1. Within the stretch 135-162, which residues are surrounded by fewer than 18 Cβ atoms within 10 Å (Cβ to Cβ) and either within 25 Å of MET32 (Cα to Cα) or within 16 Å of the chain's Cα centre (by Cα) (or both)?
2. Within the stretch 75-105, can you find the residues that are more than 16 Å from SER124 (Cα to Cα) and part of a strand (DSSP E or B)?
3. Give the residues of the stretch 1-22 that are exposed (fewer than 14 other Cβ atoms within 10 Å of the Cβ) and free of Cβ contacts under 8 Å to residues at least 40 places away in the same chain, sorted by residue number.
4. Just to check your reading of the model, which residue among PHE114, PHE118, PHE128 is at pLDDT below 95 and of a type in the set (A, V, I, L, M, F, W, C)?
5. Quick one: which residue in ALA53, ALA27, ALA33 is assigned to a helix (DSSP H, G or I), crowded, with 17+ Cβ neighbours inside 10 Å, in contact (Cβ under 8 Å) with a residue 24 or more places away in the chain and in contact with a strand residue (DSSP E or B) (Cβ under 6 Å, 6 or more places away or on another chain)?
6. Looking at GLY65, GLY61, can you tell me which residue is assigned to a loop (DSSP other than H, G, I, E, B) and surrounded by 19 or more Cβ atoms within 10 Å (Cβ to Cβ)?
7. Kindly establish whether GLU155 is under 25 Å from VAL56 (Cβ atoms), among the acidic types (Asp, Glu), modelled with pLDDT of 95 or more and out of contact with any Asp or Glu (no Cβ under 7 Å at 6 or more places or on another chain).
8. Between a residue in the stretch 101-129 that is in contact (Cβ under 8 Å) with a residue 12 or more places away in the chain and any residue that is surrounded by fewer than 17 Cβ atoms within 10 Å (Cβ to Cβ) and among the charged types (D, E, K, R), which pairs come within a Cβ distance under 7 Å, given they are 6 or more apart or on different chains?
Amino acid sequence: MRTLKRVCVFCGSHVGRRPEHLETARALGRLMAERGIGLVFGGGQVGLMGAIADTVLEAGGEAHGVIPEALATREIAHSGLTELHVVPGMHERKALMAELSDAFIALPGGLGTFEELFEVLIWSQLGFHRKPIGLLDAVGYYEPLRELLRHGLDEGFIPKEDQGLLLVSSHPAELLEKLTTTELPEVPRWIQRSDQT
């Protein structure tokens, strides 16, 4: 079983139109605090980012934010965190978030969340890390993205062994369980695969 001291949560700087997104973020935050799992996130106090951080802190947990200097004002950096790292740019933000974390979870979000999720998936695919990656999809927000991934697999652009890189659940407790117990696939670096031409 894998020990999770901190989990990086990617999520939106908006709350979205459906109340279930906010409810799911808060449910995950409470559960993480109850289990002694620290939160690593984008450092803002707005949207789902702010909601999960507030919930973790209110429940007695730790919240570690990482925000670029240029966004500290625009995203309104959270002022009540356990720790706030202000970094020069987005590359440094994502690198530090990954360094501080034992696993990753994506909640609903926009382009930034998509980009963060795909970057850690690519890092895993290339063997740059061996940390589990989860998708918490309570109300089917990510079904179109999952369909795109299935299409990439069917078309031969995503190797079948990479299917196990993304763990999916609609329930926070189940996803945390998957992150701690699922054996990650042994994925060779793409340049070593014999099927590449």
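1. Within the stretch 135-162, VAL139, GLY140, GLU143, LEU145, ARG146 meet the criteria.
2. Within the stretch 75-105, ALA77, GLU83, LEU84, HIS85, VAL86, VAL87 qualify.
3. Matches in the stretch 1-22: ARG17, PRO19.
4. PHE128
5. Values: ALA27 fails: in contact with a strand residue (DSSP E or B) (Cβ under 6 Å, 6 or more places away or on another chain); ALA33 fails: in contact with a strand residue (DSSP E or B) (Cβ under 6 Å, 6 or more places away or on another chain).
Answer to the selection: ALA53.
6. From the options GLY65, GLY61, the qualifying one is GLY61.
7. Numbers: under 25 Å from VAL56 (Cβ atoms): no; among the acidic types (Asp, Glu): yes; modelled with pLDDT of 95 or more: yes; out of contact with any Asp or Glu (no Cβ under 7 Å at 6 or more places or on another chain): yes.
Against the criterion (under 25 Å from VAL56 (Cβ atoms), among the acidic types (Asp, Glu), modelled with pLDDT of 95 or more and out of contact with any Asp or Glu (no Cβ under 7 Å at 6 or more places or on another chain)), GLU155 does not qualify.
8. Matching pairs, first to second residue: ASP102/LYS5; LEU126/ARG189; GLY127/ARG189.
The values are calculated or read from the model by the stated rules, or taken from the named source; none is laboratory data. Bear in mind the structure is a predicted one, so any value in this text is a computation, not a measurement. Please note: Cβ atoms are built from the backbone with ideal geometry, for glycine as well, and neighbour counts cover all protein chains shown.
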